[in-house]
Amino acid sequence: MPGEKLPSTAVLCTEFDVSRTVIREAIASLKLGGRIVTRQGAGTFVTTEDRWVPHFLATPIDDVRAALEILELRIGVETQAAFLAAQRKTAQSLAHLYQMHAQFVAVDTRDPEMEVRADLDFHLAIARAAGNPRFPAFLGHLVSDISRDLFLKYAKISRSLPAYLDNTKKEHQAILEAISRGNAEQAQKLMRRHLEGSLNRYRKLLEVKIRD
């Protein structure tokens, strides 16, 4: 409701069963859209004004075709984010990237939800490393709009593909190394290849859904 104060990050994480990263990026995106406002010393509140927000950002994603369309959009955003991350890397941003990559590598593959979260956290870390707050805010909103069920179905089907997890880890590692070396063109190229691979898997998932 307009004027209502948002719960704390910890409460939102528990209520929606998502990571702090997803909550932070969703809040940042809502601020950019004018849906919420932070008052120093008081907290974060829903705005009383009905401000305009792009329609595609405000619509929940509930089918594979829409998710595929969002991934096509992500390719444009994340390839540029990887390029800028390599150019603007800092010791702090690199340390965070290595930490997120290590978390993804260490994820228990028997828990597909944790696996998906760790994967997304790595991509959000690259967006933050780009040095432009619009990148993580934009990507964070896209991530929060993709339904958990879709990601779980995608993860389960993808896991049936040979060496899916190992390939993903290797692709992340290659992107990370390119960013660490400051090779912007290579980081951009590797990110595009990585996301286009995901795009092809979404297309296969869509074909399965259509046949069903």
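The values are calculated or read from the model by the stated rules, or taken from the named source; none is laboratory data. Predicted model only: the values in this text are computed from it and were never measured. With ideal geometry, Cβ positions are generated from the backbone for all residues, glycine too; neighbour counts draw on all protein chains shown.
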Practice prompt. Please work out if Ala127 is touching a helix residue (DSSP H, G or I) at 6+ places or on another chain (Cβ under 9 Å) and modelled with pLDDT of 90 or more.
Written response: yes
Arg74 passes all but one of the listed conditions (1) surrounded by fewer than 17 Cβ atoms within 10 Å (Cβ to Cβ); (2) modelled with pLDDT of 80 or more; (3) in contact with a helix residue (DSSP H, G or I) (Cβ under 9 Å, 6 or more places away or on another chain); the exception is number (1)
Next item on the list: Please indicate, with yes or no, whether at least one residue in region 103-119 is of a type in the set (Lys, Arg), part of a helix (DSSP H, G or I), in the same structural domain as Ala178 (by TED's automatic domain parsing) and closer than 19 Å to Arg192 by Cα.
Entry: no
Counting only residues in region 172-204 that are over 15 Å from Leu71 (Cβ atoms) and among the charged types (D, E, K, R), the one surrounded by the most Cβ atoms within 10 Å (Cβ to Cβ) is identified as Lys189
